[in-house]
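A short write-up of the structure that comes next.
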Amino acid sequence: VAVNDAGARPGTITVADQTFTVNQEAAACSYAVVPTSVSPGASGGSDTFAVTAESWCGWPATSNDLPWLTVTSGSPGTGNGSVGYTVAVNDGVARTGTITIADQTFTVDQAAAACHYTLVPASAGVDWPGGAGTFDVTAESWCDWTATSNDSASHILLAI
């Protein structure tokens, strides 16, 4: 039996009225995805990526991060093909998810939701001799912030 560089194949040998059957396994499959990763914004969206494989090689595409990352088309596939996917809107911290195709991984690194800052109170009056005051800053837990004085005369000092 010769080396097989394609899909599984049967063969027979007939001797007189007797048949001998040979079933040869398919050659090994190799897979690749292009691109291997994407970085969508917090608004999410839909797109596709390519899968390359030998024509006899089947593959499923499976999301490892449902429900926010879903496979929408192309699975299961055989040989070369494409996989459609949807990334849901992100209303929290940045997140990473994956889709597995045979032995390959397609990675989605989604940005965090936008940060919204609120100052309470939004302004303050200070008597002529000066003094101290405070205000509260609220923001989503994943949002960093820094307070700096915008006064070039240096008569507004910050203590954080």
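Match the structure shown to one of the listed values [x] 18.4, 52; [y] 30.1, 117; [z] 20.8, 70 of Rg and Dmax of the Cα atoms in Å, computed from it, and give that label.
Answer by label: [y].
Tell me, what is the FRET efficiency for Ser39 and Val120 to the nearest 0.05, using R0 = 35 angstrom and their Cβ-Cβ distance as r?
About 0.55, to the nearest 0.05.
Leaving ligands, DNA and RNA out of it, report the carbon-plus-sulfur percent of the accessible area of segment 71-140 at a 1.4 Å probe.
For segment 71-140, the apolar C and S fraction of the accessible surface comes to 54 percent.
What percent of all Cα-Cα pairs in segment 70-160 falls into each 10 Å bin, going from 0 up to the bin containing the maximum distance?
11, 28, 18, 14, 12, 10, 5, 1
Work out from phi, with θ = phi - 60° and the Karplus expression 6.51 cos²θ - 1.76 cosθ + 1.60, the ³J(HN,Hα) of each residue of segment 38-46, listed in order in whole Hz, and give x for Gly and Pro.
So the Karplus estimates, Gly and Pro as x, are 9, 9, x, x, 4, 6, x, x, 10 Hz.
Going by amide H atoms built from the backbone, whose H comes under 5 Å of the H on Gln24, apart from near neighbours?
For Gln24, the qualifying residues are Arg9, Gly11.
Considering the dipole of the chain built from charges on the beta carbon (Lys and Arg +1, Asp and Glu -1) around the Cα centre, which of Gly130, Pro35, Ala53 is farthest to its positive end?
Ranked along the dipole, the leading option is Ala53.
Charges at C-beta only: +1 for Lys and Arg, -1 for Asp and Glu. How large is the resulting dipole of segment 24-125 about its Cα centre, in Debye rounded to 20?
For segment 24-125, the charge dipole is close to 260 debye.
Once phi is turned into ³J(HN,Hα) by the Karplus curve 6.51 cos²θ - 1.76 cosθ + 1.60 with θ = phi - 60°, what whole-Hz value does each residue of segment 85-100 show in order, with x for glycine and proline?
The phi angles translate into 8, 10, 10, 6, 4, 9, 10, x, 5, 4, 9, 10, x, 9, 10, 9 Hz.
Please turn the phi angles of segment 54-68 into ³J(HN,Hα) values with the Karplus equation 6.51 cos²θ - 1.76 cosθ + 1.60 (θ = phi - 60°), one per residue in order, whole Hz, x for glycine and proline.
Coupling constants for segment 54-68: 5, 4, 8, 9, x, 7, x, 10, 10, 6, 9, 9, 5, x, 7 Hz.
Scan around Ser82 for amide H atoms under 5 Å from its own, H built in the peptide plane at 1.01 Å from N, and keep only partners 5 or more places away or cross-chain.
Val51
Can you give the FRET efficiency for Ser55 and Ala16, using 1/(1 + (r/R0)^6), R0 = 45 Å, r = Cβ-Cβ distance, to the nearest 0.05?
Result of the calculation: an efficiency of 0.75.
So with the 1.4 Å probe, I'd like the accessible area per residue for the chain, rounded to whole Å².
67 Å²
The values are calculated or read from the model by the stated rules, or taken from the named source; none is laboratory data. Owing to the predicted nature of the structure, the values given are computational and were not obtained by experimental measurement. Neighbour counts run over all protein chains shown; Cβ positions are idealised from the backbone, glycine included. Quick note on the areas: whole protein, heavy atoms, side chains included, nothing else; ligands and nucleic acids left out. Shrake-Rupley method; radii C 1.70, N 1.55, O 1.52, S 1.80 Å.
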